[in-house]
Amino acid sequence: MTITIYVPRDSAACSVGADAVASAITREAAASGADVRVVRNGSRGMLWLEPLVEVATEAGRIGYGPVSASEIPALIEAGLFTGGAHGKRLGLVEELPWMADQQRLCFARVGVTDPVSADDYLAHGGMAGLRRALTMDPAEVVKEVTDSGLRGRGGAGFPAGIKWNTVHNTPGELKFVCCNADEGDSGTFADRMLIEGDPFCLIEGMAIAAYATGASEGYVYLRSEYPDAVATLRQAIEIAYARGWLGQDYLGSGQRFDLFVRVGAGAYICGEETSMLESLEGKRGMVRSKPPIPAITGLFGKPTVVNNVLTLASVPSILAQGAAAYAALGVGRSLGTQVFQLAGNIKHGGVFETAFGMSLATLVNDYGGGTRSGRPVRAVQVGGPLGTYLPASTMDLPLDYEAFAAAQAMLGHGGIVVFDDTVDMASMARFAMEFCAEESCGKCTPCRVGSVRGVETIDRIVAGVEPEANLVLLGDLCELMTDGSLCAMGGLTPNPVLSALRHFPEDFTARHEGTAP
Amino acid sequence: MPIDTSEPSMADRVRSVVDRHRGDRGALLPILHSLQAEFGYVDQAMIPVLAAELNLSRAEVHGVVTFYHDFRAEPAGRTVLKLCRAEACQSVGAEDLVAHAETRLGSKIGSTTADGQVTLEQVFCLGNCALGPAGQVNGRLYGRLDAARLDGILDAEAERA
Ligand SMILES: Cc1cc2nc3c(=O)[nH]c(=O)nc-3n(C[C@H](O)[C@H](O)[C@H](O)COP(=O)(O)O)c2cc1C
Ligand code: SF4
Ligand code: FES
């Protein structure tokens, strides 16, 4: 009997040696004459255990990790091929608390299947959502998405159904579905992992969106920092065409839908949807003022759905299982599941998909295991570089959009970055301004110039130069940026800055006393 | 020495890249990526050719090329090392790693070593934020970097020369 071994091909797993582990297994198996098939799956999302090797046994998939290539001979000696005992043996992967306690819808197949195997995709429930959608009217599909309560996962949390409905109702010969896969926020990597680990799920989600809205062309705007995701998605699209899942009369829909991958060119602002559309049109990524909204006047002036990767990848399971099943999860107006990403100085970092409502502290301390350094958690930034810094004392906050907004924070994309007590919050505040200055599209003055002034002002405060006056100036600058910026780049940069000041004032003064000239 | 007319001129090579993207909507970015893949950088001299081929003004093309961080004005070193300096990587020592890289290479972020071997660049997030500090070497992602691991990677790259 052929033995099946899984070694992830996810770029994070490969960044710590998964390719070498896979070759070592193939080599050692051949040398010993064992009949072994190595499947390159996506990552299970337990990144601290990567490279995570799994062997299929009668009882289920047994994991070992983190494994290095040099350990492979000893592991095989210990009975890797039959799930034998070894110091790195973790037991049944599905039963590890990190896995067992999740509610995986979007990420259900990630880490389980071979990402570029269409047969695997079908065998694990793939295409059931599109199949069901095609038995319904487009307007019914839109209603299903509306009823599910699905909100955009790209940051702002705008209801997907409302957006789709606008595109559906706007007449046009040519309409587009654009997937925002720019994922520029620090601490977020779930878009990348979904594309590398289950690209057909995104393709299916986009095909459903096309059917529901009458779009005939789709673009995935994928950042150049993710070359592996680009390659995997391109390969999956080719396979999808060969299977008749894309193109003319895709899956017997009676319509045409063509899908293209477009690679960004290293500009954070191109994650903002109108800037992304400009970039897709071959221009500089300058933010457009709204209205008109992209749903009415989008790519090349045509009605366009713009959604994040995870928004679109949530759609197949919503259609397959029904809106009610999805809406039954979560709290308040934050329905369904969110793919949280634990990053930074964290012991157990990775992706954790669960219904909205779990507390931040549970996620960071219990599942995340606290800091990697073993020191106390001091600050947590949720929602990317424009998100608020929360002190350890406020971490009992439930993970839901409204609760975060009420606490002057934002859930955003669900990225969580942890810092231990060695962090200097004045330097993090300075970095937020510096990042804004570096990545501003340049269209409005508060953002373009205000951020540069912000860096200078924080430098003066920290150096002890007229700290009181400069603190007032910093406050004014932040107010101006909040009120006078066209988009959230300049508008939200005050978030990390002011929260650092509010919660960690000692870093802006006491530590630097005595260094004043 | 007679001029080798079998070698296509740069302008011809640029035009053939443009031809490959004729069917693309808003083709300028894919074209610039292809040019950089083929030449290693986007030369100033390509701009008028692109403008003429795509019916754009030179200023428009120039504006696009300079807006994006990815497009280089001159060739990079044989090895391109990008180190992540975004928040998650900072929380586990990215700045120390950048300082180490600058010392070892004897050149600053954004420049190429005197011998033309290594270009050191900063990047804000590589999507490896749970396994930081992260870096990318010639497009390959690395995680859990520290000074020793980075030195090993750079030594291996130098050996492949
Ligand atoms: C500065 C800035 C950066 C953004 N970056 C991203 C991004 O990387 N990915 C993303 O999906 N949305 C990003 N957004 C949000 C998008 O503008 C847009 O709201 C989103 O793509 C819509 O999709 P959704 O409704 O599915 O969330 C960004 C917004 C701003 C202001
Ligand atoms: S706020 Fe900044 S990034 Fe946004 S439009 Fe204005 S200048 Fe551009
Ligand atoms: S912050 Fe460094 S890889 Fe994301």
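The values are calculated or read from the model by the stated rules, or taken from the named source; none is laboratory data. Note that the structure is a prediction, hence the values are computed from the model and not measured. Positions of Cβ are backbone-derived with ideal geometry, glycine not excepted, and every protein chain shown enters the neighbour counts. Just the protein is used for accessible areas: all its heavy atoms, side chains included, with ligands, DNA and RNA removed. Shrake-Rupley method; radii C 1.70, N 1.55, O 1.52, S 1.80 Å.
Taking the 1.4 Å solvent-accessible surface of segment B:10-67 as the whole, the part contributed by carbon and sulfur is 48%.
Return the Rg/Rh value of chain B, two decimal places, where both radii are evaluated on C-alpha atoms and Rh is the Kirkwood radius. Kindly include the intermediate steps, with their values, before the conclusion.
Working: Rg = 18.7 Å, Rh = 17.7 Å.
Rounded to two decimals, Rg/Rh equals 1.06.
As an exercise, use a Förster radius of 30 Å and the Cβ-Cβ distance of A:LEU96 and B:ARG140 to find the FRET efficiency, rounded to the nearest 0.05. Present the calculation step by step, with values, prior to reporting the outcome.
Working: r = 29 Å, r/R0 = 0.97.
Once the sixth-power term is evaluated, E becomes 0.55.
The modelled label-to-label distance for the pair B:ALA45/A:ILE3, using points 7 Å beyond Cα in the direction of Cβ, is 5.9 nm.
Rank-order A:102-110, B:7-15, A:444-452, A:470-478 by packing density, defined as the average count of other C-beta atoms within 10 Å over each peptide's residues, highest first.
Numbers: A:102-110: 22.9, B:7-15: 13.9, A:444-452: 20.6, A:470-478: 18.3.
Averaged packing, sorted descending, gives the order A:102-110, A:444-452, A:470-478, B:7-15.
With a 10 Å cut-off around each Cβ of A:433-442, the average count of Cβ atoms from other chains is 1. Just so you know, the Rg over Rh for chain A is 0.99, from Cα atoms, with Rh as the Kirkwood radius.
Put a dot 7 Å past the Cα of A:ALA231, heading toward its Cβ, do the same for A:THR422, and the two dots end up 3.4 nm apart. Per residue of peptide A:347-354, the mean number of Cβ atoms on other chains within 10 Å of the residue Cβ is 1.
If R₀ is 41 angstrom, what is the calculated FRET efficiency for the pair B:ARG15 and A:THR135, using the beta carbon separation as r and rounding to 0.05? Intermediate results must be reported in sequence, preceding the final value.
Details: r = 49 Å, r/R0 = 1.20.
E between B:ARG15 and A:THR135, to the nearest 0.05, is 0.25.
The mean number of Cβ atoms from other chains found within 10 Å of a Cβ in peptide B:88-101 is 5, as a whole number. For chymotrypsin sites (Phe, Trp or Tyr not before Pro), no site in segment B:42-101 is both called loop by DSSP and has at most 15 other Cβ atoms within 10 Å. The listed peptides A:498-507, A:235-244, A:315-324, A:182-191, ordered by packing as a protection proxy, come out as A:182-191, A:315-324, A:498-507, A:235-244 (highest mean of other Cβ atoms within 10 Å first). Residue ranges A:331-337, B:121-127 sort as B:121-127, A:331-337 when ordered by packing (mean number of other C-beta atoms within 10 Å per residue, highest first).
Given axes a ≥ b ≥ c from the Cα gyration tensor, I'd like to know whether segment A:271-386 is rounded (a/c under 1.5), prolate (a/b larger than b/c) or oblate. Spell out each step's value before the answer.
Numbers: a/c = 2.97, a/b = 1.51, b/c = 1.96.
Oblate shape, in that a/c is at least 1.5 and b/c is the bigger or equal ratio.
For the chain pair A and B, the buried solvent-accessible surface (1.4 Å probe, both sides summed) amounts to about 3800 Å².
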